[in-house]
Amino acid sequence: MDRIADIWGPRTPHAKGTVWPARVDRHLEEGVAEEDVERWVRSACVLCSNGCGCEIAVKDGRMVGVRGVATDVVNHGRLGPKGLYGSWSWANSADRLTRPLVRENGRLTETDWETAMGRIAEVSRWLLAEKGPLSHGFYTTGQLFLEEYYTLAVIGKAGLGTPHMDGNTRLCTATSAAAFKESFGTDGQPGSYTDIEHCDAIFLFGHNMPETQTVLWMRVLDRTRADDPPKVVCVDPRRTKVAEEAERTGGVHLAPRVGTNMALMNGLTRELFAGGWVDEEWVGRHTLGVEELRETVEPYTPEETARICGVDAGDVRRAARIFGESERVLSTVLQGFYQSHQATAAAVAVHNLHLLRGMIGRPGAGVLQMNGQPTAQNTRECGADGDLPGFRNWSNPAHVRELAELWNVDELTIPHWAPPTHAMQIFRYAEQGSVGLLWISATNPVVSMPESSRIRKILGGDQCFTVVQDLFLTETAELADVVLPAAGWGEKTGCYTNVNRTVHLSEKAVEPPGEARSDLDIFLMYADAMDFRDRDGAPLIKWRTPEEAFDAWRECSRGRPCDYSGLSYDKLRGPTGIPWPCTEEHPEGTDRLYADGVFNTDPEYCETYGHDLLTGGTVTPQEYRAKAPAGRAHLKGAAYVPPHEEPGEEYPLLYTTGRTVYHFHTRTKTGRSRELNRAAPDAWVELSVPDARRLGIAEGDRVRVESPRGAIEVRARIGHVREGAVFAPFHYGRWDPDEVATDGAPRQANELTMTIWDPVSKQPYFKTAACRVVKVADGDGPAPAPTTTASEPAGGSVPPTRGGPEADTSAEPTATPDYPCDPAVTHEAPGHIAEVAAPGRS
């Protein structure tokens, strides 16, 4: 079948409380048959945060295809279009970086590793001597391996002593982590994918799952197409496939005005109180703050919520009733909340709904605060995003002492005098020159960061020495002083952890091209060049291989919420990934957290003492201890306030960005897949039918979209976004810096977005900006937007999106294995111990 045209493949409906049937999806390079494959190498897909178990096909030393693993608990053998067509094909591209580059006389020229690393070390040593460790900044990704993040964290925190470390996870998943900390005391996903098999209703808050996590949506569809489907409730200003499924299952599609999520959540929360659906006994035993929350949400009647959000008051009541009367609800959350106004407060409000109903830690009753990238969870766990490794608390001296003893360094070396520096501030310091060396690994901020013109100016200036470590000469790498060629997925070995805490081992399948090296080897080379030492004079970094790095991380995680102490490479070479915490007590891992109603809020254990959700003001350790949380979750609320920039006479529309199913991040990999690139080859914007009619714009017309910060010129799709909103996919940059639209306007969506961020998570707002749209020229055909997704046209004769013969893929049903965390029992039965186990501490 053509999985470009049929994104989610054939359905396998099954009853509530039964195991999701297995199906193995496979795609091989054109001209390669299965019998031609010399070996299959175990891995997991890295083109979304789902973490699907897979195997890489190898022939003649090249990756030539991929297939799902039927025994893997995450995907039961399935793969989505990005995994099938884009996970491996980029590796064979002719434009891979194969040698280091250094800037000479304004141009990047090839050199050897010793020269490139020598130049980095020379600048690094000079800055340390002249300005100290605050002169160094690291901006990493959500796509490296656990072992690489941990090594980078030790270099930054114990070798250099800089707090200026963050990842591009700040752009997509920081709010997830912040919300968990505020509600439950530490980061860590409480829910499980298996909740889909057991729930009565699924609420998707700002989460276009059919395009961002395609395999997870297959799992949802196989329940909603059964005889006993859960109701779906969709919160999204676009009419996505989720919205269609909500209507089909008797659920609700709530399409709030961009920037009003908090008002909607307050309205839903108020209805739980008004409807008598709060589990008062459970709330009294397991939470703090219920009366304050009740007072905060009281003004948000359905009518007031409707006024603010532009939704129907009856739909608010109906959605709240579904939540209140369902025995088991699964909620998922993603960028529509994380990248929008009052992000952390809105994400925490989802937790509040579950806590008020006592629906957490049991089958079918859980929360999935989704990630956007495959290894975003590891960035957070290992401390490469600025947090302390192991979900330790910067403000807790005992936690800092633990790390100092583990790394054998002085406690004062580890920066903990203030919160870690978030990405938006790191780039500000680079702009000012106080960060004199900025090391960027496996990410492309020139395209992905807000206000693109400002980022180009920062990285193109001479006030900051920039190192870029990547697979290709990206838009960001073109501006660097040194470019280091990295090995990619399938070209190195390492572990990574998906959204629901499942750890996979990805084995090396082929050699990287030319002189490219693994990110771990690059970081070790820098550590050697800088000669970082512990306080006894021994090398600070005591590992040389991925497995040795993993073993070091196991010890760092021991006793913490993300406990890996029961895992090993040998164990991870088994039939499936394993969810942490994995310990002697829970040797097969833990499917859900907080099954006993005990949360990680103890003052000596928690990762943060919390913040005011409205202002971001920190709670002091003394204030936190005075609350005596004693393992109880925090119910925290905030009033709705309008977004920073609202429509007006000059800019009458609201601009919001997002993703498409066929591309990942800034297309560094998926843009090099013929099948995926053909399906969505260029940028576009979406307008509603009423807005397009008023502006005199037809399908495919070239339009100019302007905000107070910049403009893009692309073709228009007349689609299903709500009236007054303009949607643009953020993936598209300019591989050639001279490639611009006819009047000089670029096509990358972040030219228009704001340098504004959430006060708690520090995640920038990509979903709220004022804009205007004007027609530039008649179109010569439809917009390049896909027809198979939320970007489908509202009408007219637009050719359907197809993959063609190259996209031929097989999907073979197979016997469903006995998954260790996915028992074939009804939802009332306890099942496997890991399904109902408490986390690693009680």
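Sub-8 Å Cβ pairs linking a first residue in region 504-526 that is over 21 Å from W439 (Cβ atoms) to a second residue that is among the aromatic types (F, W, Y), at least 6 apart or interchain, are H504/Y496; L505/Y569; S506/F145; S506/W489; S506/Y496, ordered by first then second residue. Checking every residue in region 659-668 against the condition of being in contact (Cβ under 8 Å) with a residue 60 or more places away in the chain, surrounded by fewer than 18 Cβ atoms within 10 Å (Cβ to Cβ), assigned to a loop (DSSP other than H, G, I, E, B) and of a type in the set (A, V, I, L, M) gives zero matches.
With the condition being of a type outside the set (A, V, I, L, M), I'd like the strands (runs of 3 or more DSSP E) fully within region 129-247 carrying at least 3 qualifying residues.
In region 129-247, 136-140 are the strands (runs of 3 or more DSSP E) which contain 3 or more residues that are of a type outside the set (A, V, I, L, M).
Among the residues here, G284 does not qualify as touching a Leu at 6+ places or on another chain (Cβ under 6 Å) and closer than 25 Å to D596 by Cα. Against the test of being farther than 30 Å from E645 by Cα and in contact (Cβ under 8 Å) with a residue 24 or more places away in the chain, the options L293, L355 yield a single qualifying residue, L355. For region 709-725, the set of residues classified as more than 20 Å from E244 (Cα to Cα) and of a type outside the set (G, A, S) consists of R709, I712, E713, V714, R715, listed by residue number. Filtered by the rule that a residue be in contact with an Asp or Glu (Cβ under 7 Å, 6 or more places away or on another chain), closer than 21 Å to H136 by Cβ and among the small types (G, A, S), region 439-494 gives S441, A442, A477, A486.
Of all residues in region 533-575, which are assigned to a helix (DSSP H, G or I) and of a type outside the set (D, E)? Reasoning before the result, please.
Going residue by residue through region 533-575, those that are assigned to a helix (DSSP H, G or I) are 546-557, 569-572.
The answer is P546, A549, F550, A552, W553, R554, C556, S557, Y569, K571, L572.
The rows are residues; the columns are (1) hydrophobic (A, V, I, L, M, F, W, C); (2) more than 28 Å from E381 (Cβ to Cβ).
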| site | (1), (2) |
| --- | --- |
| S87 | no, no |
| N92 | no, yes |
| E104 | no, yes |
| L108 | yes, yes |
| E114 | no, yes |
| G118 | no, yes |
| S124 | no, no |
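Residues that are more than 22 Å from the chain's Cα centre (by Cα) and of a type in the set (V, I, T) were ranked within region 247-259; the one that is surrounded by the most Cβ atoms within 10 Å (Cβ to Cβ) is V252. Against the conditions (1) out of contact with any Lys or Arg (no Cβ under 8 Å at 6 or more places or on another chain); (2) in contact (Cβ under 8 Å) with a residue 40 or more places away in the chain, G132 satisfies every one except (2).
Of all residues in region 673-696, those being of a type outside the set (D, E) and either crowded, with 22+ Cβ neighbours inside 10 Å or in a strand (DSSP E or B) (or both) number 10. R704 fulfils the conditions (1) in a strand (DSSP E or B); (2) crowded, with 24+ Cβ neighbours inside 10 Å except for a single criterion, (2).
Counting only residues that are among the hydroxyl-bearing types (S, T, Y) and under 32 Å from the mean Cα position of the chain (by Cα), which one in region 767-810 is surrounded by the fewest Cβ atoms within 10 Å (Cβ to Cβ)? Walk me through how you get there before you give the answer.
Going through region 767-810, the residues among the hydroxyl-bearing types (S, T, Y) turn out to be 768, 787-789, 791, 797, 801, 809-810.
Still in the running and under 32 Å from the mean Cα position of the chain (by Cα): 768, 787-789, 791, 801, 809-810.
Numbers: T768: 25, T787: 18, T788: 24, T789: 22, S791: 26, T801: 22, T809: 22, S810: 13.
It comes out as S810.
When L613 is tested against (1) within 30 Å of K636 (Cβ to Cβ); (2) at pLDDT below 95, just one condition goes unmet, and that condition is (2). Restricting region 455-470 to residues that are under 24 Å from the mean Cα position of the chain (by Cα) and more than 19 Å from G118 (Cβ to Cβ) leaves a set whose member that is surrounded by the fewest Cβ atoms within 10 Å (Cβ to Cβ) is R456. Among the residues making up region 326-362, those that are in a helix (DSSP H, G or I), small (G, A, S) and within 15 Å of the chain's Cα centre (by Cα) are G336, A343, A347.
From V468, V435, which residue is without any contact (Cβ under 8 Å) to a residue 40 or more places away in the chain, within 30 Å of R99 (Cα to Cα), among the aliphatic types (A, V, I, L, M) and not in a helix (DSSP H, G or I)? Before you say what the answer is, go through the steps one by one.
Details: V435 fails: without any contact (Cβ under 8 Å) to a residue 40 or more places away in the chain.
Within the list V468, V435, the selection yields V468.
Under the condition of being crowded, with 18+ Cβ neighbours inside 10 Å and not in a helix (DSSP H, G or I), the residues counted in region 112-128 number 0. Test L459 against the stated conditions and say whether it is modelled with pLDDT of 95 or more, within 30 Å of Y655 (Cβ to Cβ), in contact with a strand residue (DSSP E or B) (Cβ under 6 Å, 6 or more places away or on another chain) and not in a strand (DSSP E or B). Against the criterion (modelled with pLDDT of 95 or more, within 30 Å of Y655 (Cβ to Cβ), in contact with a strand residue (DSSP E or B) (Cβ under 6 Å, 6 or more places away or on another chain) and not in a strand (DSSP E or B)), L459 qualifies. If you go through region 133-144, how many residues are surrounded by 24 or more Cβ atoms within 10 Å (Cβ to Cβ) and over 20 Å from S176 (Cα atoms)? Total satisfying the criteria: 4. Of all residues assigned to region 20-31, none qualifies as being touching a residue at least 24 places away in the same chain (Cβ under 8 Å), crowded, with 23+ Cβ neighbours inside 10 Å and closer than 30 Å to F465 by Cα. When region 43-96 is filtered for residues that are within 22 Å of the chain's Cα centre (by Cα) and part of a helix (DSSP H, G or I), the ones remaining, listed by number, are P81, K82, G83, L84, Y85, G86, W90. Residue count for region 753-801, restricted to those that are over 21 Å from E451 (Cβ atoms), touching a residue at least 12 places away in the same chain (Cβ under 8 Å) and among the hydroxyl-bearing types (S, T, Y): 5.
Within region 613-623, the residues that satisfy the criterion of being touching a residue at least 24 places away in the same chain (Cβ under 8 Å) and either in a helix (DSSP H, G or I) or not small (G, A, S) (or both) are L613, L614, T615, T618, P621.
Picking from residues in region 576-592 that are part of a loop (DSSP other than H, G, I, E, B) and in contact with an Asp or Glu (Cβ under 8 Å, 6 or more places away or on another chain), the one that is farthest from V400 (Cα to Cα) is T576.
For region 707-730, check the following and say yes or no: at least one residue is touching a Leu at 6+ places or on another chain (Cβ under 6 Å), closer than 30 Å to V760 by Cα and not in a loop (DSSP other than H, G, I, E, B). Yes, some residue in region 707-730 is touching a Leu at 6+ places or on another chain (Cβ under 6 Å), closer than 30 Å to V760 by Cα and not in a loop (DSSP other than H, G, I, E, B).
Filtering region 61-78 for residues that are over 30 Å from T466 (Cα atoms) and hydroxyl-bearing (S, T, Y) leaves a non-empty set.
Here R11 does not fit the description of being surrounded by fewer than 16 Cβ atoms within 10 Å (Cβ to Cβ), at pLDDT 95 or above and touching a strand residue (DSSP E or B) at 6+ places or on another chain (Cβ under 6 Å). For region 494-502, the criterion of being free of Cβ contacts under 8 Å to residues at least 60 places away in the same chain, in the same structural domain as G132 (by TED's automatic domain parsing) and either touching a Phe, Trp or Tyr at 6+ places or on another chain (Cβ under 9 Å) or assigned to a helix (DSSP H, G or I) (or both) is met by none of the residues.
The values are calculated or read from the model by the stated rules, or taken from the named source; none is laboratory data. The shown structure was predicted, so the numbers you read here are calculated from the model rather than taken from an experiment. Because the Cβ atoms are built from the backbone with ideal geometry, glycine has one as well, and the counts that use them run over all protein chains shown.
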